[in-house]
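Participant: What follows is a single structure, and I will ask about it in a moment.
The values are calculated or read from the model by the stated rules, or taken from the named source; none is laboratory data. The model shown is predicted, which means the values in this text are computed figures rather than measured ones. Backbone-built Cβ (ideal geometry, glycine too); neighbour counts: all protein chains shown.
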Amino acid sequence: MSWFYRLLPVAVAMTAIPAWAQTDAADLRWFEVEVLVIKHQQSDGPLEHFEWLPPGSVSSRAHDLLSRYYAPNFWALLHQLPECPRDNWQTIFSGEQQLPCHDWAELDLPDGQDWYQPQRILASFTQAPVVIDGGGGDMTMTNQPFLMPASTHQLADLRQQLIRRKVATPLLHVSYRQPVFTRNQNFQMRLFGGRNYADTFLANGYQLPPRQLQVTSDDEQLRDPLQQLLELQQQGQLTFRVQQADTPPPPPSIDRAERSQQPVWELDGLLHIYLVANYLHIDSKLQYREPQPVIFSSVSLTEQAQAALQQGTNNLFLRRFELDQLRRVISHETHYFDHPKFALVVQIRRTELSARR
């Protein structure tokens, strides 16, 4: 299968559609951007209070280099390969068939629309790689941003120091080149990484039920509900509230069949780098997700009692934290955007095509 990996850059190049084909290439201003996203190690001090945020979504109009990197579209490549022999499959399994080929049934789909579903491919990932090693590109031959090799990473030493000192865990380290426009042109890049929670949580944060329901004993089923509530209250695990709390409402009825075909990433969001006059700006809208225990809010005492009896006290919710910061920056400097839960480190470096033309 070594040929498979050698053909990856070819497949991406053949299926890439220029996002700014209507822009004259001579007018583009290219910059190289390096991004390192980390999550802080948990502190032993008092927990900081954060607002419980509603579910967030990421714009589908943003430029997504990482999905194409993880799940390249091979549809055009398959059309260019010779057809595999139909009458003698033993040559393929015996290793005598050395050249790559396509199965005739693989092309029996209109335009490959049903065949190529990158988000369903990504949903099977349990963890995204931290370091992205791109294939590079030629700024004079394309209008579309492209990933750079890991050898261009100038923040690699910082990443290794954070790991050695055990003060942070890297979630994503990527470098790419992109044309930079004005703010109104809204040329945003999507970034994601870390763990994929799609197997245990929905995108709205609610936990999926276990694969097998836990069967309770007859004694537990016959216990007086009032006695159960008293025991929970005496253990300090139940507190009735007169008013609704700021935590999420109790989950609706959830079936494991509702599991999303989309990945639910630990890190997800947008990075918008743009120019105002001749000044660079970084607008970061990233979200970090973390499972946390939650006492769901309820309006009435009856609802709170029913939730305590039916759901127990070990409820988890995929809580969302936001890093939303805007800053004017200078190229070739290291810029740090911090949140108590995670942080963003960015370098913007000029290229030979960065000057105004």
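Participant: If you go through the range 327-342 one residue at a time, do you hit one that is over 21 Å from ARG29 (Cβ atoms), aliphatic (A, V, I, L, M) and either at pLDDT 95 or above or surrounded by fewer than 18 Cβ atoms within 10 Å (Cβ to Cβ) (or both)?
Facilitator: No, the range 327-342 contains no residue that is over 21 Å from ARG29 (Cβ atoms), aliphatic (A, V, I, L, M) and either at pLDDT 95 or above or surrounded by fewer than 18 Cβ atoms within 10 Å (Cβ to Cβ) (or both).
Participant: On to the next question. How about the range 9-45: which of its residues are modelled with pLDDT under 75 and either closer than 27 Å to ARG159 by Cα or in contact with a Ser or Thr (Cβ under 6 Å, 6 or more places away or on another chain) (or both)? Break it down into steps so the answer makes sense when it comes.
Facilitator: Within the range 9-45, the subset modelled with pLDDT under 75 is 9-26, 43-45.
Within the range 9-45, PRO9, SER43, ASP44, GLY45 meet the criteria.
Participant: Pull up the range 164-215, narrow it to residues that are surrounded by 13 or more Cβ atoms within 10 Å (Cβ to Cβ), β-branched (Val, Ile, Thr) and assigned to a strand (DSSP E or B), then point me to the one that is farthest from the chain's Cα centre (by Cα).
Facilitator: Among them, the one singled out is THR169.
Participant: On to the next question. If you check ILE295, ILE273, ILE348, ILE282, which single one turns out to be modelled with pLDDT under 95, among the β-branched types (Val, Ile, Thr) and surrounded by 14 or more Cβ atoms within 10 Å (Cβ to Cβ)? Give the steps one after another, and end with the answer.
Facilitator: Values: ILE273 fails: modelled with pLDDT under 95; ILE348 fails: modelled with pLDDT under 95; ILE282 fails: modelled with pLDDT under 95.
That would be ILE295, the only listed residue that is modelled with pLDDT under 95, among the β-branched types (Val, Ile, Thr) and surrounded by 14 or more Cβ atoms within 10 Å (Cβ to Cβ).
Participant: Any residue in the range 140-163 that is within 21 Å of MET189 (Cα to Cα), surrounded by 14 or more Cβ atoms within 10 Å (Cβ to Cβ), among the aliphatic types (A, V, I, L, M) and touching a Pro at 6+ places or on another chain (Cβ under 9 Å)?
Facilitator: no
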